[in-house]
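Following: one structure in structure tokens, then a few remarks.
Values in this text are rule-based calculations from the coordinates and carry no lab data. All values reported here derive from a predicted model rather than from experimental measurement. All Cβ positions, even for glycine, are placed from backbone atoms using ideal geometry, and neighbour counts span all protein chains on display.
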Amino acid sequence: MQLFIMRHGQAQIHGNSDAQRPLTEQGKLEACLMAKWLQQNQAELEHVYVSPYLRAQQTCDAVLAQLDASPIKHTLNMITPEGSAQEFHDYLDGVCSVEKMNNILVVSHMPLVSFLVEELTIEQNAPIFQTAAIAHIDYDLKRMKGQLVQLIAPDDIC
């Protein structure tokens with residue numbers, strides 16, 4: 001299974017609350033750029049898991065608007081900035097034991113995206129994500145761990 005872990009695009013510094021901070025114009029452009037990267041790499045997404053926070057939702061919507069496929073979007077309260085990587089790992093393995101999936105995108109926040117890569121990979125490194133960066137993990141459902149294939153950010157493809 002191919003798993004793509006994405007940090008939301010650049011967000012405004014202020015909002016009514018942290019959960020309500022919207023993307024900047026730069027953040028929207030970053031999300032669109034990374035959507036094109038996903039398409040160029042044949043990431044035909046089937047499911048997208050996204051944080052309920054506005055900036056993550058906007059990033060997800062910008063990505064989905066650029067894709068040819070129409071993956072199923074799931075909003076999960078467990079993948080907010082303070083979420084538990086272990087809890088999501090357990091959830092993912094549970095879902096995948098019931099339903100066969102090939103390509104999944106997760107849109108969340110720092111520091112959780114770093115902790116997810118650490119939790120879900122054999123290497124157990126927690127990389128720092130630039131805004132809208134994507135970690136591509138080749139996930140082995142039998143081992144319940146994956147191999148980090150690539151970490152790519154908008155700056156890498158501009």
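Peptide packing for 61-71, 125-135 was compared via the average number of neighbouring C-beta atoms within 10 Å per residue; ordered from the highest value, the list is 125-135, 61-71. The structure-derived value of P(r) over Cα pairs in 10 Å bins from 0, in percent appears in the list (1) 12, 42, 34, 10, 1; (2) 12, 45, 36, 7, 0; (3) 10, 39, 40, 10, 0 under the label (2). When HIS74, HIS89, HIS136 are sorted by how many other C-beta atoms sit within 10 angstrom of their C-beta, beginning with the fewest, the order is HIS74, HIS89, HIS136. For region 53-109, just say rounded, prolate or oblate: build the C-alpha gyration tensor, square-root its eigenvalues into a ≥ b ≥ c, call rounded for a/c under 1.5, and beyond that prolate if a/b exceeds b/c, oblate if not. Oblate, since a/c reaches 1.5 and b/c is not below a/b.
In whole percent, what relative contact order does the chain give with Cα contacts below 8 Å and a gap of six or more residues? The value is 31 percent.
The C-alpha atoms of the chain define a longest principal axis, and helix 85-98 lies at about 60 degrees to it. In summary, the lysines within cross-link reach of LYS28, defined as a Cα separation below 27 angstrom excluding same-chain residues under 8 places away, comprise LYS36, LYS73.
In order along region 41-49, phi translates into HN-Hα couplings of 9, 6, 8, 7, 5, 9, 9, 10, 10 Hz, rounded to whole numbers, per the Karplus curve 6.51 cos²θ - 1.76 cosθ + 1.60 with θ = phi - 60° and x for Gly and Pro. Against the main long axis of the alpha-carbon atoms of the chain, helix 25-40 sits at an angle near 30°.
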